[in-house]
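The values are calculated or read from the model by the stated rules, or taken from the named source; none is laboratory data. Just so it is clear, the model here is predicted, and its values are computed rather than measured. Ideal geometry is used to build each Cβ from the backbone, glycine not excepted, and the neighbour counts take in all protein chains shown. To get the accessible areas, we keep the full protein, side chains included, count just its heavy atoms, and leave off ligands, DNA and RNA. Shrake-Rupley method; radii C 1.70, N 1.55, O 1.52, S 1.80 Å.
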Amino acid sequence: MEAVLHEIVIFARLAFSMRSCYTAYVKTLPGTTRDQSDPFASTHWSVILAAGRNQASPEIAQAALAELCETYWAPLYGFVRSRGHAIHDAQDLTQSFFAYLIEHKIYARADREKGKFRSFLLASLKNFLGHAYDREQTLKRGGSLDFLPLDDARAEAAESLFQTRAGFADALGEDLVFERSWADALVAAGLERLSATYRSEGKEKLFEELKIYLTGSSDPLPAYEELAARLGLVASTLRSHVTRLRARYRDALRTEVRRTVENDAQVDDELHELLRVLTRN
């Protein structure tokens, strides 16, 4: 357990280097702040796959797909930009792609053996871009479907993320850059989910003070005794708060991952794979 937790904390510190461009982005995402009453909280991709097998309502699957697409809009947009499309064209194509998934029920063709929502989306996007000209004419900015309104903050944050990652494209290849952007989005969503939990408990200030123990800093971390004195706590109480914060972050991140894989058994594999992507030189 300690080894897994250590990896997750490293994961947060690596990905939180993207926080400046993701702060605005994640706050626009309803899927990152849902509580346990969310009927799709841990089963989004499972619901989508079930609809493809005629075992769930298409309307429920579309709602689940829409929420996931909001969370992972930026990595898809970045991939389109990496193919050489200008900013506004990439926005049009990304919006059109998501509308295309719904309008043509592409999710119903998903191969459950491939397992991951991430893999399904990337393969579908590549196919879409291969026929982008014809589809672009009829699906401009989402076509007839008001599926995923283009939010200015989301678009600007996604472009900022693309610019940050663009320099890696030639060296690493577009697929790996996409995976890195996906990992950034995942960690940002997990952090926002955790932040929302603390806000709901009236502990937003505590979260803001303690999150440095998750995300790291260019400066040395404050000693427990120093921060405890500033917060009016004893050091042992502060240490307990930090331990709980890390455990809750682990759970938030696992919940976020669970939305994009078919079953619980795949969660650890996906976490470890994305961690390897972020730590790869």
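Worth pointing out:
- Restricting the stretch 235-256 to residues that are among the small types (Gly, Ala, Ser) and more than 18 Å from Leu194 (Cβ to Cβ), the residue that is surrounded by the fewest Cβ atoms within 10 Å (Cβ to Cβ): Ser236
- The listed residues are Ala188, Ala123, and the only one of them that is under 30 Å from Thr243 (Cα atoms) and either modelled with pLDDT of 85 or more or open to solvent by 50 Å² or more (accessible area, probe 1.4 Å) (or both) turns out to be Ala188.
- Across the stretch 257-281, the number of residues qualifying as open to solvent by less than 10 Å² (accessible area, probe 1.4 Å) and closer than 17 Å to Ala61 by Cα comes to 3.
- Count of residues meeting criterion [open to solvent by less than 10 Å² (accessible area, probe 1.4 Å) and farther than 12 Å from Phe98 by Cα] in the stretch 59-70: 2
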